[in-house]
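Q: I'd like to ask you about the structure that follows.
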Amino acid sequence: MEQTPDTQGSLPRTAAATTPENPWPLRVLSEKLKAHIENSPESWVEGQLLEANIRNGHAYLTLRDVDVDYSFSVTVWASVMRTLDIAPEVGARVVARVKPSFYTKTGRLSLNAFDLRPVGLGDLLARLERLRRALFDEGLFDPTRKLRLPLLPGRIGLITGRNSDAEKDVIRNATLRWPAVAFDIRNTAVQGVNAVPEVIAALRELDANPQIEVIIIARGGGALEDLLPFSSEDLVRAVAACGTPVISAIGHEADRPILDDVADLRASTPTDAAKRVVPDLVEELANLSHARARLDRAVRTNVQREAQRIASLRARPVLANPQSIIQGRGEDIERLSRRGTLAMRSSLARGHDSIAHLRAQVRALSPQQTLDRGYAVVTADDGGIVRSAGDAPVHSPIGVRLAHGQLKATVTSSDVPTPSTNSPQQTQTLTNKGQSA
């Protein structure tokens, strides 16, 4: 754009070239901003309508981001309004094809809308389903990641709307079930653009408190648009990263925000969350009474069974008269001792008889017995036994052994017998000769 030089000379061509001595006139900056901003292309944006003023066929809207507190002025000219199926309404969630516009006189930046479409329920559900599927594929809904709730939490963190029915239901029902229950309450926005950042801040604050053992995020029922903050990806990831067990108690049974899938426990209602976070004192006392009764019965039964077993053992003869087993064994020992003595004596008697018999046999074969019958043994002078008269020549000394004592004698005569022709030796010799022939 061609600029008119001032009294100090030509204007700087760029903003970086301006100086205190050679500045831009404000109109130059405005015109350059307008040229730069309006050179931007058209884009589709989504938001919620906070204001909708229609004058002379034109619509002057305020469009706010659905997650954070950002807003923009949007102008819909009458030519565009005539092409819309429905008129813009406050609170509606819309998508618009817009192009930025800069008004140089006031420095006001706004958006001109060339198309405006409401976001239907089907579109919202489709977006939530795509986000749910993406988070599922990422593993944020994996049951193994979920934390187990404590049996009896000492202190419970509660995130809910200020003075809301959900807060009252949780506190009332939890206190009825366990009067000593303690809460640390954080009141936040539960719908609108401030809900997500406030809930996340409260969640992180409670999670950092070591006394908080479980956290409940509770809200009453409402339309799908009212519950959208509890399907926010930022909030879902914050709950997934929480080190304290989280209970989701949003809306009614039919409501299923994505927070229910990532929470460690999903309660159908705030009342249900109160019933599941603490045990019922009456039920616990009844269970304790029943447990004591079962324990008493078990102990009594065990004692009776052991008493019967002891009585049965005492009734046995060995315990009724412990000396009987000793007496019985003593009698066995005496009986076996007598049998052993008798057997030993019998064996000794048989051995004595056998020895006497053997002695008699030995004595019967002894030469002394022969001598006792009147025989004598004649020995030569050299001690040899004289068996034949030829063994003791005449005048040779001989000894005569009698049954009792010995005699010395001298041979005076000798009669050597002539061998008989029929002697056994001759007969044997003739027989051998006959066999040889």
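Q: Using modelled amide H (1.01 Å from N, peptide plane; none on Pro or chain starts), what sits under 5 Å from the amide H of SER396, excluding residues fewer than 5 places away?
A: When sequence neighbours closer than 5 places are left aside, the close amide H contacts are VAL411.
Q: Would you mind working out the accessible area per residue for segment 20-64, using a 1.4 Å probe, and quoting it in Å²?
A: 65
Q: When the Karplus curve 6.51 cos²θ - 1.76 cosθ + 1.60 is applied with θ = phi - 60°, which whole-Hz ³J(HN,Hα) does each residue of segment 300-306 get, with x for Gly and Pro?
A: With coefficients 6.51, -1.76 and 1.60, one gets 5, 4, 5, 5, 4, 5, 5 Hz.
Q: Sticking with this one: Could you calculate the contour length gain from GLN323 to VAL362, that is, 0.36 nm times the residue separation minus the distance between their Cα atoms, to one decimal place in nm?
A: The span from GLN323 to VAL362 would gain 8.3 nm if fully extended.
Q: Then there's this: With the cut-off at 1.5 for a/c, could you classify segment 88-203 from its C-alpha gyration tensor as rounded, prolate or oblate?
A: Note, shape of segment 88-203 comes out prolate.
Q: I've got another one for you. As an exercise, use a Förster radius of 51 Å and the Cβ-Cβ distance of ALA291 and ASP65 to find the FRET efficiency, rounded to the nearest 0.05.
A: 0.35
Q: Please state the shape class of segment 197-346: rounded when a/c is under 1.5, otherwise prolate if a/b exceeds b/c and oblate if not, all from the C-alpha gyration tensor.
A: Judged from the Cα gyration tensor, segment 197-346 comes out prolate (a/c at least 1.5, a/b above b/c).
Q: If you build a Gaussian network model of the chain, linking Cα atoms that sit under 10 Å apart, which residue out of LYS168, LYS146, LYS105 swings the most?
A: LYS105
Q: Ignoring ligands, DNA and RNA, what percent of the 1.4 Å accessible area of segment 169-249 is carbon and sulfur?
A: So the carbon and sulfur contribution to the accessible surface is 49 percent.
Q: Take the alpha-carbon centre of segment 67-98, take the same for segment 286-302, and report the distance between them in whole Å.
A: 71
Q: In addition: Once every DSSP H run of n ≥ 4 in the chain is given -39500 (n - 2.57) and the sum is divided by its residues, what mean residue ellipticity at 222 nm do you get, rounded to the nearest 500 deg cm²/dmol?
A: -13500 deg cm²/dmol
Q: Between (1) 22.0; (2) 35.7; (3) 23.2, which entry matches Kirkwood radius over Cα pairs in Å as derived from the coordinates of this structure?
A: The value matching this structure is (2).
Q: Any idea of the accessible area per residue across segment 261-394, 1.4 Å probe, to the nearest Å²?
A: Result: 76 Å² of accessible area for each residue.
Q: Compute the long axis of helix 322-365 from its Cα atoms, compare it with the longest principal axis of the Cα atoms of the chain, and write down the angle in degrees, 0 to 90, nearest 10.
A: Taking Cα atoms only, the helix is inclined about 30 degrees.
Q: Looking at the chain as a GNM with Cα springs under 10 Å, which of GLY251, GLY243, GLY107 has the largest mean-square fluctuation?
A: Checking each option, the largest mean-square fluctuation is seen for GLY107.
Q: Separate question: How many percent of DSSP beta bridges within the chain run antiparallel, rounded to 5?
A: Bridges in the chain are about 70 percent antiparallel.
Q: Next up: If each residue of separation counts as 0.36 nm, what is the full-extension length gain between LEU224 and GLU129 once their alpha-carbon separation is subtracted?
A: Extra length from LEU224 to GLU129 when fully extended: 32.9 nm.
Q: Radius of gyration and Dmax for segment 127-256's Cα atoms, expressed in Å?
A: Cα radius of gyration and Dmax of segment 127-256 are 14.5, 43 Å respectively.
Q: Ignoring ligands, DNA and RNA, what percent of the accessible area of segment 348-415 is carbon or sulfur (1.4 Å)?
A: Carbon and sulfur: 56 percent of the exposed surface of segment 348-415.
Q: Still on this structure: Counting pairs of alpha carbon atoms under 8 Å apart in space and at least six apart in sequence, what relative contact order in percent does the chain give?
A: Taking the mean separation of contacting Cα pairs over the length of the chain, I get 8 percent.
Q: Going by alpha carbons, how many degrees (0 to 90, nearest 10) lie between the helix axis of 195-207 and the longest principal axis of the chain?
A: Once rounded, the angle reads 30 degrees.
Q: Multiply the residue gap between GLU21 and HIS36 by 0.36 nm, knock off their C-alpha separation, and tell me the result in nm, one decimal place.
A: 2.9 nm
Q: Using a 1.4 Å probe on the protein chains only, how many percent of the accessible area of segment 20-76 belongs to carbon and sulfur?
A: 52
The values are calculated or read from the model by the stated rules, or taken from the named source; none is laboratory data. Just so it is clear, the model here is predicted, and its values are computed rather than measured. Please note: Cβ atoms are built from the backbone with ideal geometry, for glycine as well, and neighbour counts cover all protein chains shown. All accessible areas refer to the heavy atoms of the entire protein, side chains included, with ligands and DNA or RNA removed. Shrake-Rupley method; radii C 1.70, N 1.55, O 1.52, S 1.80 Å.
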